[in-house]
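A short write-up of the structure that comes next.
Where a number appears in this text, it was derived from the coordinates with a stated rule and is not lab data. Remember, predicted model here, so these are calculated numbers, not experimental data. Ideal geometry is used to build each Cβ from the backbone, glycine not excepted, and the neighbour counts take in all protein chains shown.
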Amino acid sequence: MERLGTDVVALTGSAGKTSTKDLIAQVLDRHAPTVWTPGSLNNEIGLPLTALRASAETRHLVLEMGARGIGHIRYLTGLTPPRIGLVLNVGTAHIGEFGGREQIAVAKGELVEALPSAEEGGIAVLNADDPLVRAMADRTKARVTLFGEADEAAVRAENVHLTETGRPSFRLHTPTGCSDVTLRLYGEHHVSNALAAAAVAHELGMPVEEIATALSEAGTLSRWRMEVTERPDGVTIVNDAYNANPESMRAALRALAAMGRAAQARGARTWAVLGKMAELGDASLVEHDAVGRLAVRLNVSKLVAVGDREASWLQLGAYNEGSWGEESVHVSDAQAAVDLLRSELRPGDVVLVKASRSVGLEQVALALLDTEGEVTGR
Ligand SMILES: Nc1ncnc2c1ncn2[C@@H]1O[C@H](COP(=O)(O)OP(=O)(O)OP(=O)(O)O)[C@@H](O)[C@H]1O
Ligand SMILES: [Mg+2]
């Protein structure tokens, strides 16, 4: 790649890889010709296919790297050695397969171990707010730069708040200056993603104003991640059904609460239509219970738990936190959720739809947007 004059930027993490990769791509592409992973094609098949799309003109190649086990990232970095390596977070995604967060950190950290030394231009971009990511500084020969809300972060956000439409707004600080950013994406979890993108762009020589403008104009390139659509009757559907883990469930619920605050003041309701978070192993009951409780604490109006066992734990959490009765409903499948919502939704209501990929809850969001249709196999 380097022979072609292409800088390879690789990123990994438990949640937000695709969202961040899409942000980095949109920011860097304003600067110089950029090729990036389409969607989530982040494995040993998708990665080489993306790399082959780079040509002599390509200046930046942005690659999402996924891991379901130890050694996976090391293998991918062998195929396309990165000069810049970004690690977003170590969460609980695929924790059942890995066997614990420490093991996930071992696997994700393979990215910074593969970087060239600082003298050779290697740069590790690490999340200052995630202790397991920050500790990866000891595992690399590359120069380390931090992003996050922590004071030590070279690229950081100040005055983070959600606008009343649920969009994150903040002052972006970089070593070369500051500039204001309001994202077009929904949910405060995207602040961390945006800072990561800003840190990469800064390292590649972009001025802060250009980074801030690019971030403020960037949209979603990949589907079903906090995709917000207002129906003609004034019902807003937030389709975040691409995937779910405890971190992203919390972020999405907080976004729903912010977006729905004005609607609730006018008498409309917020609805959290949630299904299970897969692959949580022994932590599953506690994590589902905690999400149900958070829905109550955030004053979500209604919880619709969809599916079997884990859905009942979501509902149980809501009951235990707030003695919720009618505020939470448990339905067996997507069609039942659609039938219920079709009869209950009123103009002004805001509906979040979210679960792990395997649940396929995007069918609920799509059916609610297509007010005539049934749940189909789309
Ligand atoms: N920084 C973040 N922290 C927690 N959750 C996030 C973050 N960024 C995005 N999410 C949420 O995580 C889910 C997956 O987002 P995204 O597709 O960007 O992640 P990914 O890491 O690429 O996932 P995959 O492993 O499926 O490729 C979405 O529901 C999104 O809302
Ligand atoms: Mg992805």
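Data for the structure
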{"read-out": "Helix-only [θ]222 nm of the chain, DSSP H runs n ≥ 4, -39500 (n - 2.57) each, per residue, nearest 500", "value": "-11000 deg cm²/dmol"}
{"read-out": "Spatially near lysine pairs across the chain, Cα under 20 Å, sequence gap of 8 or more or different chains", "value": "7"}
{"read-out": "Separation between Cα centres of region 236-252 and region 18-35, rounded to whole Å", "value": "23 Å"}
{"read-out": "Where Rh is the Kirkwood radius over Cα pairs, Rg/Rh for the chain", "value": "0.98"}
{"read-out": "Estimated vicinal HN-Hα couplings, Hz - region 178-187 in sequence order (Karplus 6.51, -1.76, 1.60; Gly, Pro = x)", "value": "10, 6, 8, 10, 10, 6, 8, 8, 9, x"}
{"read-out": "Cα-based helix-to-principal-axis angle, 17-29 vs the chain, degrees rounded to 10", "value": "50 degrees"}
{"read-out": "Acute angle (nearest 10 degrees) that the helix 284-297 long axis makes with the longest principal axis of the chain, alpha-carbon atoms", "value": "70 degrees"}
{"read-out": "Filtered trypsin sites (Lys or Arg not before Pro), region 20-79: DSSP coil and at most 16 other beta carbons within 10 Å", "value": "30, 53, 68"}
{"read-out": "Charge sum, other residues only, whose C-beta stays under 10 Å from residue 111's C-beta, Lys/Arg counted +1 and Asp/Glu -1", "value": "+1"}
{"read-out": "Under the Karplus curve 6.51 cos²θ - 1.76 cosθ + 1.60, θ = phi - 60°, whole-Hz ³J(HN,Hα) for region 245-259, x wherever Gly or Pro sits", "value": "8, x, 4, 6, 4, 4, 4, 5, 5, 5, 5, 4, 4, 5, 5"}
{"read-out": "Positive-end residue, region 262-313 charge dipole about Cα centroid, Cβ charges, pick of 300, 277, 264", "value": "264"}
{"read-out": "Antiparallel bridges, percent of DSSP beta bridges restricted to region 82-205 (to nearest 5)", "value": "50 percent"}
{"read-out": "Compactness of region 36-98, expressed as Rg and Dmax over alpha-carbon positions, Å", "value": "12.5, 42"}
